[in-house]
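Since the structure comes first, as structure tokens, the remarks are kept for the end.
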Amino acid sequence: MQKTILSSAGSLSAFAAFEKYRPYFIGLTAVLLGAAFCFTYRKREVKCEDGSCKIADAGKWNKIGVWSATIIAALAVSYPYLAAKPSATANAAFAPKATVVLKVKGMTCAACASHIQIALSKVKGVHRTSVEYETGKGVVEYDPALVQPEALIKRVDETGYKAAIAHKNNGE
């Protein structure tokens, strides 16, 4: 079971190669959805023999399909921004805290930052994480008794990016 989960995660990470094309895929999706709406909501004339014409529109299921595809596409586009939530342990308020600022290289978009933030938040002893694509930095608040900055760097490196310590505060 563990092997299956790891191979699935590896397969999903293969999609990271397409991340640089994400704006083009979003644009193509918008164009295709626009065309779908045009074809669904346009009025079509049905030609008749006697000269009277009936104007028909798309059926109920066509409209439901277009709106469903639009909602799914909107969720997929907004996923990197909705998925990243700061991690907090139950006793984070009372645990010793230290902060490290990591300089992260290799990020190409906000989804990369979200991916790194989620990976760091899963490390035992990490209280909060914040990774910003724009600045190329990640701020990690952690318990120095449970985790060291080297382990955080290793975790970032495991996700396919490179990290180094930019600034460290031991909470003293």
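Exceedance of the 30 Å cut-off in Cα-Cα distance is limited, within the set Lys20/Lys43; Lys63/Lys122; Lys97/Lys162; Lys20/Lys60, to Lys20/Lys43; Lys63/Lys122; Lys20/Lys60. Other residues within the sphere of radius under 10 Å centred on the Cβ of Ser130, judged by their own Cβ, net out at 0 (K and R +1, D and E -1).
Could you compute how much accessible surface Lys20 exposes when probed at 1.4 Å, giving the result in Å² to the nearest 10? Per-residue accessible area (Lys20): approximately 130 Å². Here the 3J(HN,Hα) profile of region 96-104, calculated from phi with Karplus coefficients 6.51, -1.76 and 1.60 at θ = phi - 60°, is x, 10, 9, 10, 10, 9, 9, 8, 10 Hz, Gly and Pro shown as x. Compared with the alpha-carbon gap, the fully stretched path from Tyr81 to Lys43 is longer by 9.9 nm at 0.36 nm per residue.
Note on Ala74 and Lys124: with the Förster distance fixed at 35 Å, the Cβ-Cβ geometry gives a FRET efficiency of about 0.50.
Ranked by accessible surface with a 1.4 Å probe, highest first, in what order do Tyr24, Tyr133 come? It would help to have the intermediate numbers written out before the result.
On the way: Tyr24 165, Tyr133 90 Å².
Final ranking, largest accessible area leading: Tyr24, Tyr133.
Tally Lys/Arg at +1 and Asp/Glu at -1 over every other residue whose Cβ is under 13 Å from the Cβ of Gly160; what's the total?
Neighbourhood net charge equals +1.
Figure legend: label point modelled 7 angstrom from the Cα of Lys168 along Cα→Cβ; residues of region 107-149 with amide N under 13 Å from it are 144-145, 147-149. Estimated at 0.36 nm per residue, the fully extended path between Ile64 and Ala151 surpasses their Cα-Cα distance by 26.5 nm.
The values are calculated or read from the model by the stated rules, or taken from the named source; none is laboratory data. Quick caveat, the model's predicted, so the values are computed rather than measured. FYI the Cβ positions are ideal-geometry reconstructions off the backbone, even for glycines, and counts take in every protein chain you see. These area figures cover heavy atoms from the full protein model, side chains too; ligands, DNA and RNA do not enter into them. Shrake-Rupley method; radii C 1.70, N 1.55, O 1.52, S 1.80 Å.
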